[in-house]
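The values are calculated or read from the model by the stated rules, or taken from the named source; none is laboratory data. These figures come from a predicted structure and were not determined experimentally. Cβ coordinates were reconstructed from backbone atoms using ideal geometry, including for glycine residues, and neighbour counts include every protein chain displayed. Accessible surface areas use protein heavy atoms only, side chains included; no ligands, DNA or RNA. Shrake-Rupley method; radii C 1.70, N 1.55, O 1.52, S 1.80 Å.
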Amino acid sequence: MVLLYYLKSSRFCSLTLHLTRNFQVFKQAGHSVKKTNSSTISCHRTTNSVYYRDPQTASPLLFCSNGRTTCFQTGPKTISPLHTGRVLGLCGHHFHTSAPVRALPAPLIWMVLKPLQKVVAVILGRSIRKWWVALPDNRRELMREWIRQHRWHLAAGAGVAMAIIALLLLTHLDESPVTGRTRLLVFSRENYIELAAVTSEAYMEEFAELFVPVTDPQHQVVERVVQHLVQRNKDIPEVSDVSWTVHVVQSPNVNAFVLPNGKVFIFTGMLEAVADVHQLTFILGHEMAHALLGHSAEQASLSHVVDLLSLILLTAIWAVCPRDSLALLGQWVQHKLSQLMFSRPFSRKLEAEADKVGLQLAAKACADVRAGPVFWQQMEIRDQLTGEPAFPEWLSTHPSHKNRSTQLDRLVPQALELRESCVCPALPATDPRAIFSKSVRVLLETHGRRGPEGAPKPHLPHSPASLPSGLPAALLAESAPSPSPKVDQEIKHHVPFATEELGIMSVPAPAEGEGSRPVVQHTS
């Protein structure tokens, strides 16, 4: 028999002596020894291959591998002349295995196959149409007659197929965290966390030169708000089990998003759009709500099911339409109807749910939840002042600013009760919503008296708390010492309001499990 010693990445310098002794014993026993590619075994990375042949028995004698290594003996011990005990002790007991090959995340595979599915449906439908056109008239009549005779069998088969699809969908139902809403999840949250790791790498490369330094006050403010939200909502497993990291991107875009793996990306344009730290807390709570609720996996699951069902309709369109141009038009109409009837309404529903849960996260973080509706009122006026085109809500993936503000107004009383139950400091008696409305009226009256030509460029009114430049001072002045004298001077220069409004560091975090019940009660 042939027995291979494969020694790789030697960890033990003393192994040479024992192997040499074993070689000599093996030769004295009359066994043939063939040594190839030999080199001295030392503390350096070396590779040895030694072949042994036993002419008397075919049973294996010894196998030793050294590199995450294992050494073990097979076959009867009486046959082997090798003194393997000391060699086994040196080699260890770990099997050397190749690096695990990780499969691509299921959502990524679906994203790659999604265009291919449509191409297959188009080719199939077009092939059916050409086959039908090429049939003689008598064959067509026979086919129609066969369909009429077996129509009940075909209907029964379609019913069985629909029942199987419904059963598959029922087995993929899941309960949404915090809200308890029943939803369809074809892709699990874990799948999308794996996909988020790939996506975050792409974003890190895209924004590599635009990231604000961690010592910048803007980054420190966002970091403090995120960590405060996490600390105050750690009773929610989807919050406490994730490692949240902040990345501030230097860009005028008014945007922010959070990936399922806890990567927070916020643009400086958003920091300029918010009026105070309370609005920033609400916005970050909204984006974190998307991540902890698994909205990306939920939206992709619905899109996957709708796309699979649409393949049947797409195949029928290309099979029935007499010309390719009409089939292309029908495909475009089918795509738009699918968006208007399923994708966009469902996206607006998820945005409204994130507003609701984000307001609760902000309430538990002791923010002034009344600032949430004010933010969307500001955004509505900002769009009007900048001339942004206003599209009907049914054409958008997000609710309109007005509807979002109205919905949050209805949720504010519940959020205030939740905030009070979390032992937060009392809010000022002045409601920022009332002050904002009064500021807008004054702005409009002033602009109307001066006229469009002599009036200065109108400024968007903010709540009385602060301007965006005061955000760094909002948290850093009270929550922690400044990282450097330069930052300290900048903070002192931009302190426009009392930092204890948010209650950071002055309110103890809820104990494990505390605060979770009110969230469930208010989101039923």
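I'm checking my understanding of the structure. Among residues of the range 252-284 that are of a type in the set (S, T, N, Q) and open to solvent by 20 Å² or more (accessible area, probe 1.4 Å), which one is farthest from T199 (Cα to Cα)? Walk me through how you get there before you give the answer.
Taking the range 252-284 and keeping what is of a type in the set (S, T, N, Q), we get 253, 255, 261, 268, 279, 281.
Then keep just the ones that are open to solvent by 20 Å² or more (accessible area, probe 1.4 Å); that gives 253, 255, 261.
On the way: N253: 20, N255: 17, N261: 10 Å.
Only one residue fits best here, namely N253.
Please go through the range 368-382 and give me each residue that is polar (S, T, N, Q) and either part of a loop (DSSP other than H, G, I, E, B) or open to solvent by 10 Å² or more (accessible area, probe 1.4 Å) (or both), ordered by number. If you could, list the steps in order and put the result at the bottom.
Within the range 368-382, the first condition is being polar (S, T, N, Q), and the residues that meet it are 377-378.
Once the filter is applied, which keeps residues that are polar (S, T, N, Q) and either part of a loop (DSSP other than H, G, I, E, B) or open to solvent by 10 Å² or more (accessible area, probe 1.4 Å) (or both), the range 368-382 yields only Q377.
Out of the range 263-287, which residues are outside any helix (DSSP H, G or I) and in contact with a helix residue (DSSP H, G or I) (Cβ under 7 Å, 6 or more places away or on another chain)?
We begin by selecting, within the range 263-287, every residue outside any helix (DSSP H, G or I); these are 263-267, 274-276.
Residues satisfying the conditions are K263, V264, F265, I266, V274, A275, D276.
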Taking the stated definitions as given, is D307 within 30 Å of R126 (Cβ to Cβ) and either among the charged types (D, E, K, R) or modelled with pLDDT of 95 or more (or both)? yes
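Restricting to helices (runs of 4 or more DSSP H) lying wholly in the range 67-164: which have 3 or more residues that are open to solvent by 80 Å² or more (accessible area, probe 1.4 Å) and modelled with pLDDT of 50 or more? Don't jump to the end; show me each part of the working.
Values: elements: 85-91, 106-134, 137-149.
Of the helices (runs of 4 or more DSSP H) lying wholly inside the range 67-164, those with at least 3 residues that are open to solvent by 80 Å² or more (accessible area, probe 1.4 Å) and modelled with pLDDT of 50 or more span 106-134, 137-149.
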When residues of the range 175-198 are limited to those that are crowded, with 18+ Cβ neighbours inside 10 Å and in a helix (DSSP H, G or I), the one modelled with the lowest pLDDT: R189
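Please go through the range 418-432 and give me each residue that is charged (D, E, K, R) and surrounded by fewer than 18 Cβ atoms within 10 Å (Cβ to Cβ), ordered by number. Give the steps one after another, and end with the answer.
Let us first name the residues in the range 418-432 that are charged (D, E, K, R), namely 419-420, 431.
Passing the criteria: E420, D431.
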